[in-house]
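Below: the structure, in structure tokens.
The values are calculated or read from the model by the stated rules, or taken from the named source; none is laboratory data. As the structure is a computational prediction, the values presented were derived from the model and not from experiment. Backbone-built Cβ (ideal geometry, glycine too); neighbour counts: all protein chains shown. Protein only, heavy atoms only, side chains kept; ligands, DNA and RNA dropped before computing areas. Shrake-Rupley method; radii C 1.70, N 1.55, O 1.52, S 1.80 Å.
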Amino acid sequence: MKEVVAVRRGAVRSVVVAGLLVLGAGGPAHARGWAGPEADVAYHGRVALSQGHVRILLVPENDGPSEVPNATLRVRLSADLADRQALAEGCARAGLREVVCETGPMPLHGRGRHVGLDLGLRERATEVVVRVDTWWNGGATDRNRANNEHVVLALDTGDAYAF
């Protein structure tokens, strides 16, 4: 997944094509009976919106039963991002409203890399919907998607909203 971070232009296209090759036309690999490692990836964190900046702190966790060598989480916003972003290490912009970040290794019953983002918006907004999910799960099957797919409404108050 490091190729996503290193390549700025065309990264989304390359990763999407790679993802389609992995998943195939029949849908997710685990739905087709693919037998691979199984993990339960979860995200916990906070989102705050203040004066045109969305601040996000995420902690990826793995409840097992297998370790995950690396995964990619995706953050999607309901508002366009500013053209220039200073992104955390291991993160890359993936569209007008999207950022992807690698989690680093997640041991069994352990945490991955803490991800902190300070995303500038193109225009100031009174509220922003932030969606967090897994874009790539390191080849592991995750049957419990409820703890790694979050939707958070953040109001322009500076208050932190936990998920």
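A125 - would you say it is free of Cβ contacts under 8 Å to residues at least 12 places away in the same chain and either open to solvent by 50 Å² or more (accessible area, probe 1.4 Å) or assigned to a loop (DSSP other than H, G, I, E, B) (or both)? So A125 does not fit the description; no. In the range 70-91, the residues that are under 12 Å from L119 (Cα atoms) reach residues that are open to solvent by less than 30 Å² (accessible area, probe 1.4 Å) and in a loop (DSSP other than H, G, I, E, B) with C-beta atoms within less than 7 angstrom, at least six apart or across chains, in these pairs: A79/A125. If only residues of the range 129-163 that are free of Cβ contacts under 8 Å to residues at least 60 places away in the same chain and in a strand (DSSP E or B) are counted, the one that is least open to solvent (accessible area, probe 1.4 Å) is V129. Across the range 87-108, the qualifying residues are those that are open to solvent by 60 Å² or more (accessible area, probe 1.4 Å) and at pLDDT below 95, and the one among them that is farthest from T141 (Cα to Cα) is E89. Only one of the numbered conditions (1) closer than 28 Å to G64 by Cβ; (2) open to solvent by less than 90 Å² (accessible area, probe 1.4 Å) is violated by D118, and that is (1).
Kindly indicate which of G45, G64 is modelled with pLDDT under 95 and either open to solvent by 70 Å² or more (accessible area, probe 1.4 Å) or not in a helix (DSSP H, G or I) (or both). Answer to the check: G64.
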